[in-house]
Amino acid sequence: MSRSPLPSLPPPAPARGPAEFHYKLPGRHGGQRPGAHEGSSLGAGQQFAAHRRLLDHPDPRRIDLRASLRDPQGDWLVRIARQRVAVPVQAVVDVSASMRFGAQRAKLDRVADFVEVLGHSAFRAGDPVGLMAFDAGERTDLFLPPRHSRGAGRVMAEGLRACAPAAPPRPGADPLAGLRACVDRLAGRRSLVVLVSDFHGMPLDGLAAQIDRLSPAWVLPVLVWDPAEVVPPGVDALLSLRDAETGARRSLWLRERVRQDWHAAVAARRAALQALCVARALPPFDLLGPAGEFDAEALTRHFMESVA
């Protein structure tokens, strides 16, 4: 009795790892932990810095014979390199009520996905990564100090997805109070600060002052706008609208003139934010992009073009 051969199965698809982007920072950075960024201290590395006498740096493995023969003092010279170091990465995330808006998914859910990718990318680069969040004030319940851990991104993302909304701000409250509290703790530290927000309701002069206070950190402003915020419905209709921050409601008759004003207001706000950041050589990155989704390769290109 003959047996029919078993059908051949297609080879399994290769497993895809988590999304990842690559980044680099300008200038030299201090620190002792080895990493991927150009350091200001001398140590183990491959970037030549200077020649020094063997008696001052007794490491015969680094003797430079040609330089030693040319030395007028006749000293044995060794090559000294600059050490590449790790730089802390700090995500500062807006978790106010407007970040819970979204036509398909809430903007905060998309930010949580991005923060998870940020944690994985920082771990791969050898950098510690941490999280700070704010709404009307600093959200200390979401604070995570910078740590070098494979699962740091996942922990930060889970915290953002599970965070409870805060009470609406009081009338006349400072719209920048939460961001200011976070900046108070980061000011003067050299790091990569990823500032993630829709920047709704933030006065631009106050926002500029807070970004300036973060110097000498390298700041990456990440703009989070849902397509439903920037593109009005294409049909004339009576809309019932609710302010995500205050809860106030109003009705609006949507017509062609209103759609034109909508587009003009969005373009003006985007241009103002762009000008504010570009004036400080910190161009913003649009998280959702033209397709409405985060593109890790686009963020890699953004870093390479911004720092070049």
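Only residues that are charged (D, E, K, R) and modelled with pLDDT under 85: list them for segment 72-94, please.
Within segment 72-94, 79, 82, 84 qualify.
Kindly indicate which of 257, 301 is closer than 30 Å to residue 26 by Cβ, open to solvent by 60 Å² or more (accessible area, probe 1.4 Å), part of a helix (DSSP H, G or I) and free of Cβ contacts under 8 Å to residues at least 24 places away in the same chain.
Answer to the check: 301.
Only one of these conditions is not met by residue 149: (1) small (Gly, Ala, Ser); (2) open to solvent by 10 Å² or more (accessible area, probe 1.4 Å); (3) in a helix (DSSP H, G or I). Which number is it?
It is condition (3) that residue 149 fails.
Cβ-Cβ under 7 Å, sequence separation 6+ or interchain: first residue in segment 101-119 and farther than 16 Å from residue 156 by Cα, partner acidic (Asp, Glu). Which pairs?
Partner pairs satisfying both residue conditions: 101/226; 102/226; 103/226.
Condition first: of a type in the set (S, T, N, Q) and touching a helix residue (DSSP H, G or I) at 6+ places or on another chain (Cβ under 8 Å). Can you find one or more residues in segment 141-161 that meet it?
There is at least one residue in segment 141-161 that is of a type in the set (S, T, N, Q) and touching a helix residue (DSSP H, G or I) at 6+ places or on another chain (Cβ under 8 Å).
Please count how many residues of segment 113-131 are of a type in the set (Gly, Ala, Ser), over 12 Å from the mean Cα position of the chain (by Cα) and assigned to a helix (DSSP H, G or I).
Qualifying residue count for the region: 1.
So, residue 154, is that one surrounded by fewer than 21 Cβ atoms within 10 Å (Cβ to Cβ), basic (Lys, Arg) and part of a helix (DSSP H, G or I) or not?
yes
Return the residue satisfying two criteria in turn: it lies in segment 66-103 and is under 36 Å from the mean Cα position of the chain (by Cα) and part of a loop (DSSP other than H, G, I, E, B), and of such residues it is farthest from residue 190 (Cα to Cα).
Across segment 66-103, the extreme among qualifying residues is 103.
Of these, 273, 239, 299, which one is of a type outside the set (Lys, Arg) and farther than 22 Å from residue 114 by Cα?
Answer to the check: 239.
Restricting segment 126-141 to residues that are touching a Lys or Arg at 6+ places or on another chain (Cβ under 9 Å) and hydrophobic (A, V, I, L, M, F, W, C), which is farthest from residue 163 (Cα to Cα)?
If we take residues in segment 126-141 being touching a Lys or Arg at 6+ places or on another chain (Cβ under 9 Å) and hydrophobic (A, V, I, L, M, F, W, C), then 129 is farthest from residue 163 (Cα to Cα).
Suppose we filter 159, 137, 102 for residues that are modelled with pLDDT of 90 or more and farther than 24 Å from residue 20 by Cβ; which single one remains?
Exactly one residue qualifies, and that residue is 137.
Sort out which residues of segment 176-190 are open to solvent by 60 Å² or more (accessible area, probe 1.4 Å) and either assigned to a helix (DSSP H, G or I) or among the β-branched types (Val, Ile, Thr) (or both), and write them in order of number.
Hits for segment 176-190 are 180, 184, 185.
Could you check how many residues of segment 268-293 are open to solvent by less than 60 Å² (accessible area, probe 1.4 Å), among the hydrophobic types (A, V, I, L, M, F, W, C) and under 25 Å from residue 104 (Cβ atoms)?
4
Inside segment 216-245, can you point out the residues that are at pLDDT below 85, in contact with a strand residue (DSSP E or B) (Cβ under 8 Å, 6 or more places away or on another chain) and of a type outside the set (S, T, N, Q)?
Within segment 216-245, 232, 233, 235, 236, 237, 238, 239, 241, 242, 243 meet the criteria.
Starting from segment 195-221, take each residue that is at positive phi and open to solvent by 10 Å² or more (accessible area, probe 1.4 Å) and list its partners that are acidic (Asp, Glu) and at pLDDT below 95, counting only C-beta distances under 8 angstrom and pairs at least six apart or across chains.
So the pair list comes out as 201/245.
From the residues in segment 96-117 that are touching a Gly at 6+ places or on another chain (Cβ under 9 Å), under 17 Å from residue 163 (Cβ atoms) and not small (Gly, Ala, Ser), which one is surrounded by the fewest Cβ atoms within 10 Å (Cβ to Cβ)?
Ranking the candidates gives 109 first.
In segment 226-236, is there at least one residue being open to solvent by less than 50 Å² (accessible area, probe 1.4 Å), among the aliphatic types (A, V, I, L, M) and not in a helix (DSSP H, G or I)?
No.
The values are calculated or read from the model by the stated rules, or taken from the named source; none is laboratory data. Remember, predicted model here, so these are calculated numbers, not experimental data. Note: ideal-geometry Cβ built from the backbone for every residue, glycine included; neighbour counts use all protein chains shown. The accessibility values were calculated without ligands, DNA or RNA, using every heavy atom of the protein model including side chains. Shrake-Rupley method; radii C 1.70, N 1.55, O 1.52, S 1.80 Å.
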